[in-house]
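Comments concern the structure below.
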Protein chains: 2
Amino acid sequence: MTGPVDTARGAVVPLGPNEVALAGGVLGHWQRRTRATTIPHGIRMLERDGALDNVRRLVGRSDAPFRGMVFQDSDIGKTLEAVAWELGRRDDPELRRFYDETVALLEEAQEDDGYLDSAFQRADRVQERWSDLTAGHELYVAGHLIQAAIAARRAIGDDRLLGVALRLADLIVTRFGAADSGAVDGHPEIEYALVELFRLTGRQEYLDLARAFIDRRGHGWLGSAHFGSGYLQDDVPVRDTTVLRGHAVRAIYLAAGATDVAIETGDAELLAVMRAQWADLLSRRSYITGGAGSRHRDESFGDAYELPPDRAYAETCAGIALLHWAWRMLLATGEAGFGDAFETALYNVVAAGVSDDGEHFFYSNPLQLRADHIAGQEEATARRRDWYACACCPPNLMRTFASIESYLAVARDGGVGIVNYAPARISLDTPAGRAALEIETAYPADGAVRIRVTAGAGGPLALRFPGWAAGAELRVDGAAREVAPVDGWLVVEEGLRAGTVVELTLPMSAEVVAAHPRADAIRGTVAVRRGPVVYCLEQTDNAGDVEAMSVDPTAAPEPTGDATELGPLLRATGTVRSGDADAPLYAPYAVRGAGAPAALRLRPYATWGNGAPGAMRVWIPTS
Amino acid sequence: MTGPVDTARGAVVPLGPNEVALAGGVLGHWQRRTRATTIPHGIRMLERDGALDNVRRLVGRSDAPFRGMVFQDSDIGKTLEAVAWELGRRDDPELRRFYDETVALLEEAQEDDGYLDSAFQRADRVQERWSDLTAGHELYVAGHLIQAAIAARRAIGDDRLLGVALRLADLIVTRFGAADSGAVDGHPEIEYALVELFRLTGRQEYLDLARAFIDRRGHGWLGSAHFGSGYLQDDVPVRDTTVLRGHAVRAIYLAAGATDVAIETGDAELLAVMRAQWADLLSRRSYITGGAGSRHRDESFGDAYELPPDRAYAETCAGIALLHWAWRMLLATGEAGFGDAFETALYNVVAAGVSDDGEHFFYSNPLQLRADHIAGQEEATARRRDWYACACCPPNLMRTFASIESYLAVARDGGVGIVNYAPARISLDTPAGRAALEIETAYPADGAVRIRVTAGAGGPLALRFPGWAAGAELRVDGAAREVAPVDGWLVVEEGLRAGTVVELTLPMSAEVVAAHPRADAIRGTVAVRRGPVVYCLEQTDNAGDVEAMSVDPTAAPEPTGDATELGPLLRATGTVRSGDADAPLYAPYAVRGAGAPAALRLRPYATWGNGAPGAMRVWIPTS
């Protein structure tokens, strides 16, 4: 049983859920919550909002009108993928029934030629099939179905959904595979679905079409649509730009797909382009939370350093897309540094997407919310919503947490590399034979990671060294080792020997962080980060008006006695202004008074919005 | 001949173009440029983009397909209004031919029942008349036609267009005047057009319907549409909110209409509400340039203090709307302070809307543009465009400059009040008989204003005292007077006596301005203002990288030898950073080095974008 990405052509090889099992911890908690709460809730929402009825009516089992977005079927695909991973871990009669009934429904609804998309199969459709790749999302929907089918094959060995997916994929190859076709989809996603289908089946035509979808892009084939061809990443060929632009989810899905193509085709030139795009993203266009997408208008990236905290779009799906891309870059290059961005996104923007109760979701993830915030659509206020008209994010969270153990570790250099630290058991075949490890840690709440090798005859054990972790300590069987990362790894040669105990202690003191001087929207502010966890100042934790608070950037925040699963609440020192309400909007420059001393209580950003609604901010003015 | 607003029911009475004539200066220049260049250009654009053909095809004189926005007719209305004001000032065969032909065309195209809107009259229309007030803009289009007809009646005494407008207005009264109707238009504008038609005709039903449109609003009659009912100001009744919200142009047009209703009905309660909305706008939600509308997504106001300079929408039309509202508030209250906002908008956001050559326009007016800016639609980059698919702004500029002398002065308290300083001749009847004044000034480039009374037998001469003008000096016949403003006026009692010379000297030293501490997006920056003119740092004037510059906020900028019609270029002292490209996006907080000393050259914001394209910013980081 392999995971969502199964390739041996990168520099390192991912371990799947057959090789890694979570043993509690925050990731284990999120995975259990997903199974127990989020997935059942999501299935209810698929019923409530008509996604399942949209398919049932095709086979005469519903007379409800078509409801929802043109890409409503993709919610089913993503939910099926999550259910498949969960069934692979452990059977469950309710989940099994949903899976069986839904697969049977899709089998029945699929056309003889393989076509399947309820928005275009309905008798009262407004557009013909394949007539509007710019906005129709048919290949996007197909991509999610393919990924679900791959999960079902890998997790539970079921071939029925795969049969549906293969018939659809073959139709797509027939329809769009011709060398002279310029077709691409307005919403990338099919690209990496096809690469994975190639990985599963070995059928070259899927890889060829994925590569074609990458290389055709950038010539304006999709037209300019509402927001221009840049919005659709169709203005400049993928290989000709170093800048992600347009709709952020589209852009990062495309980048992940291009990276997958580079891995499977050994295309070093394409990989170099993706590396440059990655560097631009991380150094100029991403939020400290791992969020991406600075503009609400077209859900897009903006200029370099355009990173408004209040108007951050930072869609949950863009955070998930970043996980996908970071993971593929790590596989392609073998460099552990890509795991830093993975964990930043995971523990901040992605984790923020879902509530403590598992049944409420953020779509956009701003880094600041004012108490009097005037919210648009797809924008929760200080509370998450139970679902969205455009419901892409909730089922995307489901499939992410349901398969999260597949992103913990890789096989590398004859041994194993630990990318994300979580309590887990790992067992894998190495050139030196079977190896097994047990990882104990309360990371990221605590920085101590203890790895005990329970089986093994040698081979290197490598640990990702986070870029923020200066001062980390490494011990092997109690003896200190030099901390000297290579390609982001701390390597314990021959560490995979039964009985070896490796202890990594990551420094988890809170750090005050400032942004680049061109990051205009957050000038004069700082954020607080503890390990990979970004903190925020939320009104519910503070008696004073958090919108009038400033923080002393030279004093490191200290833990309070209160804790969350991501770490303690922190106490920072600062000041609180008075008289804001009467101050003029613009006035002659004068050095302002400092305000009254104040203690600021900070909490992990991902946990905000679960208490009393109120103002929140990640970037806090300096006093 | 009276101007666009003709009421004697406010606290003061506007003077029209029959009473005020510009005599050069920057306003005179803009008015002449409008006549010579912008209007002829606009007429060519009405031809090029199909606005005129849309009407011609109704009467069989064009077989071109309908083109443009559903509200394309409004471009004709606004252009006709501008042409009417210009013809009133001086005849011109080209303008006269356009006026005559277009009015004849509209007369011919109008239905027997008075209906006129080419988007809904066309045989291939997609919607029935009055079926979609939310998005159809029929009453908005009607409002602009009515205003054009009023201008034509007042400026050139022509009743043909007024006949068209009255037939249309009467149809609207019949259709929507019933007491039990809840109808309002998705885009306010009809409200103040109907009030003005009442002022012209004395017919009560127009005022009644205008008042009804104000009072019906806020009950969700329009539905939620794409951006919600707040976008349409239909979520909360006008009288129940102190906050402008939603689409900024809609919101301010509505506020101007409500203020007009308050004036004509003597509704003190409604006026108090408008005063509260005004105070919120000016103290929390407007740009230093007089721009309004902080969000691109729905062209809307945002939260209090949400004022991003780079993503400022600040549509040119919203700036013009602010002129309309400020003027009506000044008329209603008699308080000169509303003139401060008028001149701020006029000399900054409105003036920026048009290029030096008069043929290129900004739609949105950001206060910052990065060199690598990724622009959306309706967003010029560093260059204005020759027209827009949604062409509301250019003809709005035309009618504004064509009637700008109507906003210079008012009759008040038996005398005259000068609101906006410009070289002009004023003559009016006062209780003490005919009075005449000559104003000499190079304002705002220079702060000296010299008013010579050439005829008159007494009565007060009042001068608006700008809020920024601490240190101003006032002399009457050479003798210094105390500067003690009352309701924003410096009053020279009995000043309207032939031979009197009043000299006002406004301090025109550059001032460094800071924003409210909650204005997050401009924290740690200052702007430079000289009188009413806001300055900006533009790349074309500077050798160093303006995106790496900071300014010393404690040193007042000094004039350079170079000048614009709005004032000299200024020189500020500051620093310029190096190494931006290599700096990390996020890093542990540290006090940064100051950078190398640099001289910054600043120019009036309204004049930017006429030289070599490059970065620009109003708010400059402090060093």
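Summary of values
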item	result
Counted residues, segment B:252-281 - those being buried (at least 21 other Cβ atoms within 10 Å of the Cβ) and within 12 Å of chain A (Cβ to nearest Cβ)	1
Any hit, segment A:459-472, residues being surrounded by fewer than 20 Cβ atoms within 10 Å (Cβ to Cβ) and in contact with a Leu (Cβ under 6 Å, 6 or more places away or on another chain)	yes
Filter result (over 19 Å from A:V141 (Cα atoms), buried (at least 18 other Cβ atoms within 10 Å of the Cβ), out of contact with any helix residue (DSSP H, G or I) (no Cβ under 7 Å at 6 or more places or on another chain) and among the charged types (D, E, K, R)) within segment A:232-251	A:D234, A:D235
Residues of segment A:354-372 classified as more than 16 Å from A:D75 (Cα to Cα), touching a residue at least 12 places away in the same chain (Cβ under 8 Å) and within 14 Å of chain B (Cβ to nearest Cβ), total	7
Filter result for A:E128 (among the charged types (D, E, K, R) and in contact (Cβ under 8 Å) with a residue 12 or more places away in the chain)	no
Residue tally, condition within 14 Å of chain A (Cβ to nearest Cβ), hydrophobic (A, V, I, L, M, F, W, C) and more than 19 Å from B:V349 (Cβ to Cβ), over segment B:373-422	2
Test result for A:G186, small (G, A, S), part of a loop (DSSP other than H, G, I, E, B) and within 24 Å of the chain's Cα centre (by Cα)	yes
Residues being in a helix (DSSP H, G or I) and in contact (Cβ under 8 Å) with a residue 40 or more places away in the chain - total across segment B:203-260	18
Where A:T265 falls short, out of the listed (1) within 29 Å of A:F401 (Cβ to Cβ); (2) free of Cβ contacts under 8 Å to residues at least 60 places away in the same chain	(1)
Subset of segment B:554-578 [at the interface with another protein chain (Cβ under 10 Å from one of its Cβ atoms) and in contact with a helix residue (DSSP H, G or I) (Cβ under 9 Å, 6 or more places away or on another chain)]	B:R577
Residues of segment B:196-231 that turn out to be more than 20 Å from B:V5 (Cβ to Cβ), buried (at least 19 other Cβ atoms within 10 Å of the Cβ) and touching a Ser or Thr at 6+ places or on another chain (Cβ under 7 Å), as a count	2
Cβ-Cβ under 7 Å pairs, at least 6 apart or on other chains, segment A:583-598 side away from chain B (no Cβ under 11 Å), far side in a strand (DSSP E or B) and surrounded by 12 or more Cβ atoms within 10 Å (Cβ to Cβ)	A:A594/A:T575; A:A596/A:T575; A:A596/A:V576; A:P597/A:T575; A:A598/A:M549; A:A598/A:G574; A:A598/A:T575; A:A598/A:V576
So A:G456, is it over 26 Å from the mean Cα position of the chain (by Cα), in contact (Cβ under 8 Å) with a residue 12 or more places away in the chain, buried (at least 24 other Cβ atoms within 10 Å of the Cβ) and not assigned by TED's automatic domain parsing to the domain that holds A:G609	yes
Top-ranked residue of segment B:521-553 - restricted to ones that are surrounded by fewer than 21 Cβ atoms within 10 Å (Cβ to Cβ) and over 20 Å from B:G609 (Cβ atoms), ranked as farthest from the other protein chains (Cβ to nearest Cβ)	B:D552
The one condition in (1) farther than 27 Å from B:G467 by Cβ; (2) surrounded by 22 or more Cβ atoms within 10 Å (Cβ to Cβ); (3) in the same structural domain as B:G42 (by TED's automatic domain parsing); (4) not basic (K, R) that B:N348 fails to fulfil	(1)
Filter result (buried (at least 21 other Cβ atoms within 10 Å of the Cβ), away from chain B (no Cβ under 14 Å) and either in contact with a Ser or Thr (Cβ under 7 Å, 6 or more places away or on another chain) or within 30 Å of B:T622 (Cβ to Cβ) (or both)) within segment A:475-520	A:L496
Looking only at segment A:292-310, and only at residues there that are part of a loop (DSSP other than H, G, I, E, B) and more than 7 Å from chain B (Cβ to nearest Cβ), the one that is farthest from the chain's Cα centre (by Cα)	A:Y305
Which listed residue is hydroxyl-bearing (S, T, Y), in contact with a Phe, Trp or Tyr (Cβ under 7 Å, 6 or more places away or on another chain) and within 14 Å of another protein chain (Cβ to nearest Cβ), from B:T242, B:T289, B:T316	B:T289
Among residues of segment A:272-287, those that are outside any helix (DSSP H, G or I) and either more than 18 Å from the chain's Cα centre (by Cα) or among the polar types (S, T, N, Q) (or both), counted	1
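Let's see how each residue does on (1) in contact with a Gly (Cβ under 9 Å, 6 or more places away or on another chain); (2) farther than 30 Å from B:A36 by Cα:
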{"position": "B:Y407", "(1), (2)": "yes, no"}
{"position": "B:I418", "(1), (2)": "no, no"}
{"position": "B:S427", "(1), (2)": "no, no"}
{"position": "B:P431", "(1), (2)": "yes, yes"}
{"position": "B:Y443", "(1), (2)": "yes, no"}
{"position": "B:I451", "(1), (2)": "yes, no"}
{"position": "B:T454", "(1), (2)": "yes, yes"}
{"position": "B:W468", "(1), (2)": "yes, yes"}
{"position": "B:V486", "(1), (2)": "no, yes"}
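So that you can scan it fast, the table gives a plain yes or no per residue for (1) in the same structural domain as B:L222 (by TED's automatic domain parsing); (2) within 21 Å of B:D234 (Cβ to Cβ); (3) not hydroxyl-bearing (S, T, Y); (4) not in a helix (DSSP H, G or I):
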site	(1), (2), (3), (4)
B:R97	yes, no, yes, no
B:A104	yes, no, yes, no
B:E111	yes, no, yes, yes
B:E128	yes, no, yes, yes
B:A135	yes, yes, yes, yes
B:V141	yes, yes, yes, no
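Yes or no, residue by residue, for (1) crowded, with 22+ Cβ neighbours inside 10 Å; (2) at pLDDT below 95:
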| site | (1), (2) |
| --- | --- |
| B:T2 | no, yes |
| B:T7 | no, no |
| B:A21 | no, no |
| B:A36 | no, no |
| B:L52 | yes, no |
| B:D100 | no, no |
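The values are calculated or read from the model by the stated rules, or taken from the named source; none is laboratory data. Not measured: the values here are computed from a predicted model. Cβ: placed from backbone, ideal geometry, glycine included. Neighbour counts: every protein chain shown.
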